[in-house]
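For reference, the structure discussed in these notes is given below.
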Amino acid sequence: MNVDWDDTVDRHRARYRERIIDAAIDLVAEQGAAKSSMAALAQRAGVGRATVYKYFPSIEDALLAHVEREVKACSTRLESICEDSDDPLDRLRGYIDVQLDTFAGQRHRLSWSTIDQADLSAAAMLSFRAHLEKLLAPLVEILSGGVAHGVLRADADPVLHARMIVKVLGSLREDIILGQLAPATAADAVWKLVTGGLLAKSDSQG
């Protein structure tokens, strides 16, 4: 009985939290961060101000919660890809596909442009980058596996090359968000670029 009640309470809290996060994205997109207030956020979310403060002390914290939510969703997709295949190259291609496909998602389109224009504080930017950094670790692991299995060059630096790949992917975000570049086209181009420089000689002809 107590377990069922606890589950109900947790689901209730999760729904409120999600509602407030979504409202924060919409509010800042419409009014800008400078003109957005906690009172306006409460009104947009359809809850009391006390409820908003219970979950987030500021608009920035709600925006960062959205970034965390997006990173978790992306990480879950990446974990699924790694579980489905042991092949480092399949995993690498899957990582590229997932990242670029995420950029094309409607929620990402809205939220990224909103956060990009939110003029976050220095502390918030550090948290923002820390969340995004979590997406680097799976790629480092994938590249390390590729080197260990001999499908990637032995002199490849998993950490350095992972950062380079992430930078390349990030450079295409705006074009994808604006609809000027299809995720599949971008993925093919990045794949050719990455494998052209990282594949071991025995695999380079494939």
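What follows draws every value from the coordinates through simple rules; no lab data is involved. All of these numbers come straight from a predicted model, not from anything done at the bench. Every residue, glycine as well, gets a Cβ built from its backbone with ideal geometry; the counts of neighbours run over all protein chains shown.
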Using every pair of alpha-carbon atoms in segment 1-57, split the distances into 5 Å bins beginning at 0 and state the percent of pairs per bin, rounded to integers. 4, 20, 27, 19, 12, 8, 6, 3, 1, 0
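Please give the net charge around Asp97, taking every other residue with its beta carbon less than 13 angstrom from that of Asp97, where Lys and Arg add +1 and Asp and Glu add -1. Walk me through the intermediate numbers first.
Values: positive: Arg77, Arg91, Arg93; negative: Asp84, Asp90, Asp101, Asp188.
In short, -1.
Quote to one decimal, in nm, the extra length available between Asp188 and Gln106 on full extension: 0.36 nm per residue of separation minus the C-alpha distance between them. Before the final figure, lay out each step's value.
Values: separation 82, 0.36 × 82 = 29.52 nm, distance 2.16 nm.
Extra length available between Asp188 and Gln106 comes to 27.4 nm.
Just want to confirm a number: the relative contact order over segment 3-114, from Cα pairs under 8 angstrom separated by 6+ residues, in percent. Write down the numbers at each step before the final one.
Working: 66 pairs, mean separation 29.9, N = 112.
Taking the mean separation of contacting Cα pairs over the length of segment 3-114, I get 27 percent.
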I'd like the Kirkwood hydrodynamic radius of segment 41-159, using the inverse of the mean 1/r over distinct C-alpha pairs, in Å. 16.4
Provide the packing ranking of 52-63, 119-130, 33-44, i.e. peptides ordered by the mean count of other C-beta atoms within 10 Å per residue, highest first. 52-63, 33-44, 119-130
Could you pull out every one of the lysines with an alpha carbon less than 18 Å from that of Lys72, ignoring same-chain neighbours closer than 8 positions? Lys134
Taking the Cβ of Ser121 as the center, what net charge do the other residues with Cβ under 12 Å away carry, scoring Lys and Arg +1 and Asp and Glu -1? -3
Cα centroid distance between segment 51-96 and segment 143-206, in Å? 20
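Per the Cauchy relation, a quarter of the hull surface: what is the mean projected area of the convex hull of the alpha carbons in the chain, in nm²? Numbers along the way, then the final one.
Numbers: hull surface 56.3 nm².
Over all viewing directions, the chain projects a mean Cα-hull area of 14.1 nm².
Determine, for each peptide in 167-175, 183-191, 137-145, the mean count of other beta carbons within 10 angstrom over its residues, then list the peptides with the highest first. Provide the component values of the computation, followed by the final result.
Details: 167-175: 15.2, 183-191: 16.8, 137-145: 19.3.
The packing order, highest mean first, is 137-145, 183-191, 167-175.
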Just from its helices, what would the mean residue ellipticity at 222 nm be for the chain, if runs of 4 or more DSSP H residues each count -39500 (n - 2.57) and the sum is divided by every residue, rounded to the nearest 500 deg cm²/dmol? -25000 deg cm²/dmol
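Evaluate the relative contact order of the chain (contact order divided by residue number), counting alpha-carbon pairs under 8 angstrom at least 6 apart; express in whole percent.
Working: 168 pairs, mean separation 44.2, N = 206.
In percent, rounded to a whole number, it is 21.
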Can you list residues whose amide H is under 5 Å from Leu152's amide H, if they're 5+ apart or on another chain and H is modeled 1.01 Å from N? Val147, Ala200
Glu174 and Asp84 label points (each 7 Å along its Cα→Cβ direction) are spaced in nm at 3.2
Where does helix 88-104 land angle-wise versus the long Cα axis of the chain, in degrees 0 to 90, nearest 10? 40
